[in-house]
Structures are given as C-alpha cells and as structure tokens.
Amino acid sequence: MILEIRKWPDPILRQKTVAVSVFDQSLQDLVKNMTETMRSESAIGIAANQVGDDRSVAVLEVPFTPGDAPNIYHGRLLTLVNPKILESEGSALSPEGCLSLPETTDVVRRHASIVVEYQDVDGTLCSLRASGLIAFCIQHEMDLLEGKTLMEKASRIRKDMMLRRLKKTGNL
C-alpha cells in the first residue's frame, strides 16, 4: 500500500522516533508499505515518520553510482530498525533531497564512512560498514528518525531559499 508522505512542517517530522521493541506483523507491514511508497517516489530511502509512524525504522535501496566503492548493499533493500552509528571516519559533502521537502535540495556535510548497528525486521542484531552514497543515505534517514530534516540542518540562507522554493512549487 502506498502511504501518504508527510511534508515539512508536519510536527511528526520534528519528533524523535521511538525504539521498536515488538517485531511482529505490524512492523513487517510497515516495512512493506514504506518500501512500496519509496519505490513509487523513485527515492532511495524513507524513514517511518515520513509516513506518519513514530517507530525507529528506515528503509533504503541505494543503487551503485560511479565513484562509490562496491558494496554488497547496492541495489538491495536494506531495513534498519533502531539504527545507531558506532564508528565514523572522515567527512564529505553530500548533495541531498528529501521526500518531505519536495523539489528542494541542500548540500550537507556527512561522515565519509560509518559503522551502523541495527536490527532487521525480525529483531536480529546486525552491523554494516558503509561509505559513499549508502553512508550518506543512512545518515540522512537517521537524522529524520531523530526529528531533523534538511530544513533543520540548513544555514539561515539555505532555509530561506528552500522556503521560497517550497512556496513557489505549492508545497508549503
């Protein structure tokens, strides 16, 4: 089922999500619907609060792009439940867009590589070392799970530009 994408300034986007403690059919249904919604928007990631759910869940499907180090997760669906960054190295600029801020982009400084610990949809504890686009996408979705959109991360000048763009395109 395609879910409605919550748009900024919806209050749920500014709230920290809650840790998942029950790994049941409801969680599996949420992940399935988030995946369908993400794919319908041709996006590479989505956080649960973007579809109105307050659980700490993100879904990613990141294609391989030239310049990325090959990674087994390119092109594969990755579900992160209760993700935490354990390690980070370096920094890089990441041009980003967000489903909750249609037709706006910003450049964000992110860790160049990370190790993230998470649970899968069955509750199994996993970890992943990521760099490049996958690392940037994970960090973007984790920001959303913490209640931070690109709008909250942007400089005052960039916020003003994004607000003008949202108004111009009828998304605000």
Residue count for the stretch 129-147, restricted to those that are in contact with a Leu (Cβ under 9 Å, 6 or more places away or on another chain) and of a type in the set (D, E, K, R): 2
Among the candidates 13, 30, 3, single out the residue that is touching a helix residue (DSSP H, G or I) at 6+ places or on another chain (Cβ under 8 Å), at pLDDT 95 or above and part of a loop (DSSP other than H, G, I, E, B). 3
For the stretch 57-172, which helices (runs of 4 or more DSSP H) that fit wholly inside it have 1 or more residues that are within 20 Å of residue 14 (Cβ to Cβ) and modelled with pLDDT under 95? 150-153, 156-168
Residue in the stretch 98-115 that is hydrophobic (A, V, I, L, M, F, W, C), more than 26 Å from residue 158 (Cβ to Cβ) and touching a Ser or Thr at 6+ places or on another chain (Cβ under 7 Å) present: yes
Just to verify a result, which residue in the stretch 16-33, among those that are among the hydrophobic types (A, V, I, L, M, F, W, C) and closer than 14 Å to residue 83 by Cβ, is surrounded by the fewest Cβ atoms within 10 Å (Cβ to Cβ)? 19
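The values are calculated or read from the model by the stated rules, or taken from the named source; none is laboratory data. These numbers come from a predicted model, not from an experiment. Reconstructed Cβ throughout: ideal geometry from the backbone, glycine too, with neighbour counts over all protein chains shown.
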